[in-house]
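See structure below.
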Amino acid sequence: MAKLNLLLLAVLVACALGLVTSQHKARKLFTDLEREHNRARELDVEYGRLQLEASTWGLHTRVERIATGALGMRPADARRTRLAGRDASR
């Protein structure tokens, strides 16, 4: 009978350790999951900001202002412009 009690005690201790270990792993995985969710939200916010910034950089008025101011470009004179089509060689 004593051997059976010792065997049952060993099984009980092993089950208890298994339970504690699995709960610890589950909690660790949950905190990792929450951390990754937060990182995903941060990346979504940054992506939206970058999309807004990219659309701002490509605005026609901004490009025109830089072309005229920094690069010294100006619109082409209509008198000096020729249009070329597909049959321009005729």
Check your understanding: Is the range 63-73 home to any residue that is assigned to a helix (DSSP H, G or I) and either of a type in the set (S, T, N, Q) or touching an Asp or Glu at 6+ places or on another chain (Cβ under 9 Å) (or both)?
Key -> yes
Exercise for review: Consider LEU17 carefully, then state whether it is at pLDDT 95 or above, under 27 Å from the mean Cα position of the chain (by Cα) and assigned to a helix (DSSP H, G or I).
Suggested key: no
Study note, to complete from the structure: Given the conditions (1) exposed (fewer than 10 other Cβ atoms within 10 Å of the Cβ); (2) under 34 Å from the mean Cα position of the chain (by Cα), every one holds for PRO75 apart from (2)
Practice item. Report yes if ARG74 is in contact with a helix residue (DSSP H, G or I) (Cβ under 7 Å, 6 or more places away or on another chain) and either at pLDDT 85 or above or among the acidic types (Asp, Glu) (or both), otherwise no. Key: yes
Revision key, fill the gap. The one condition GLY48 fails out of (1) among the small types (Gly, Ala, Ser); (2) within 26 Å of the chain's Cα centre (by Cα); (3) surrounded by fewer than 10 Cβ atoms within 10 Å (Cβ to Cβ) is (3)
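The values are calculated or read from the model by the stated rules, or taken from the named source; none is laboratory data. Keep in mind the model is a prediction, meaning the values are calculated, not measured. Glycine also receives a Cβ, built like all others from the backbone with ideal geometry; neighbour counts cover every protein chain displayed.
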